[in-house]
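The values are calculated or read from the model by the stated rules, or taken from the named source; none is laboratory data. Here the structure is a predicted model, which means the values were calculated and not measured. Here the Cβ positions follow ideal geometry from the backbone for every residue, glycine too, while neighbour counts run over all protein chains shown. Just the protein is used for accessible areas: all its heavy atoms, side chains included, with ligands, DNA and RNA removed. Shrake-Rupley method; radii C 1.70, N 1.55, O 1.52, S 1.80 Å.
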Amino acid sequence: MHIIQEILFVFAFAIAVFLFYRKARQIRLNILLGRDISLNDHPDLRWKNVLLLAFGQKKMFRKPLVAVLHIFVYAGFLIINMEVLEIILDGILGTHRLFMPFSGALYPVLVGSFEALAVLVISGCVVFLVRRNIIHVRRLAMHELDGWPKSDANYILVTEIVLMLLFLTMNTADQALHPNVGPFWISGAFRPAFEGLSPLTLEAIERGCWWLHILGILAFLNYLPYSKHLHIILAFPNAYFSDLRPRGKMENMPAVQKEVSLMLQPELAATEPASAEMPKFGAKDVPDLTWKNILDAYSCTECGRCTAACPANLTGKKLSPRKIMMDTRDRAEEIGKLGNTAGKTLLRDYISEEELRACTSCNACVQECPVSINPLHIILQLRRHLVMEESSAPQEWNMMFSNIENNMAPWKFSPDDRDKWATEMNA
């Protein structure tokens, strides 16, 4: 019987790892659809970002209560799953609590601490479910989350609660069945409730919870790539590759710089090699963005802190930085599955001109994001395409562009008349 269970476990584990690898590989290819950029400078600062933002969740602590609850769920779930190593080895080798003989008196302390974290995870998930479905916190109840995004968040929270309850029930039944196991801090308190059951019933409960727990974790592993909770993995590389430049510093366009340089120094034109390729300005679709923009989209937690801080959104405009990231990810997924579908682009088919023009470039979304996502960079690139490739801009913008070109200032006054007000005051 044991050998059959081992074979079934190895088969289930291998299938889960294979499916996860296949989807992870597809996501990697989707991210690499973007233009190449180098983000390897200042490794010391980048590792600091990983430690503070990804591990330490520094930005979350602007709202301490929510941050502490998130720490419970995030850190607790990851630390508890360290025990999965023992469960996997037990499943492959046919053993029972493989690490217990080697750990001695430390084993009940470790498992007990895992159980305490499990209770904190359950508590945090319950509070988050209440915030989403009963209190209806504004940023968690916007229309862009209708349908799958809202269900996705609820599925994950409920799944984490179920996995933690299975873990605690398994330990309780195991202690009642095997007197040498435990006592553990939380499940040990419920052991008397199980002691009246027959050994066969206890073994069925313990084995059932064991199988459901590990199969649930393997299913969770394969659910992650389809969920916003992929940020559990991608938050770390995204924090490492975050933009280290000062906020508000926009990316120069080499083609424009070259033209300005030739205008100021015409003599360089003779030495400049001719280029057969026409430069592209901005971005119209996902392949025109950088790979970091697409990594940002896949790292998005859909928490809505960017949208909650966006002045355009707060004043009733259509713009939502969170939706920008969700749309970018959806378009990358579409291209990854179907190829660069003719007639569809990120601009207009996913993100409208109205959304892009509502942006004030204030960087509030960048400042608020807990995992260093930069929605503004995508907005600026799409907007550049509209203005520089399609000459599509509101009349007020076109007037400003014309004034800058002709008068070297946004105002409709010639440079000679700009100081006229001072002369009139002295008259």
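If you go through segment 213-235 one residue at a time, do you hit one that is more than 30 Å from TRP148 (Cα to Cα) and among the small types (Gly, Ala, Ser)? Checked segment 213-235: no residue is more than 30 Å from TRP148 (Cα to Cα) and among the small types (Gly, Ala, Ser). ILE37 meets all of the listed conditions (1) in contact with a strand residue (DSSP E or B) (Cβ under 8 Å, 6 or more places away or on another chain); (2) open to solvent by 60 Å² or more (accessible area, probe 1.4 Å) but one, namely (2). Summed over segment 54-80, the residues that are in a loop (DSSP other than H, G, I, E, B) and without any contact (Cβ under 8 Å) to a residue 24 or more places away in the chain give a count of 2.
For ALA393, state whether it is open to solvent by less than 70 Å² (accessible area, probe 1.4 Å), within 27 Å of ASP288 (Cα to Cα) and either assigned to a loop (DSSP other than H, G, I, E, B) or among the aromatic types (Phe, Trp, Tyr) (or both). So ALA393 fits the description; yes. Within segment 43-87, the set of residues being under 25 Å from ILE217 (Cβ atoms), within 16 Å of the chain's Cα centre (by Cα) and open to solvent by 90 Å² or more (accessible area, probe 1.4 Å) comprises PHE55 only. Of the residues making up segment 151-182, those that are surrounded by 15 or more Cβ atoms within 10 Å (Cβ to Cβ) and over 27 Å from PHE220 (Cβ atoms) number 2. Somewhere in segment 240-259, is a residue in contact (Cβ under 8 Å) with a residue 60 or more places away in the chain, open to solvent by less than 30 Å² (accessible area, probe 1.4 Å) and assigned to a helix (DSSP H, G or I)? The answer is no; no qualifying residue exists.
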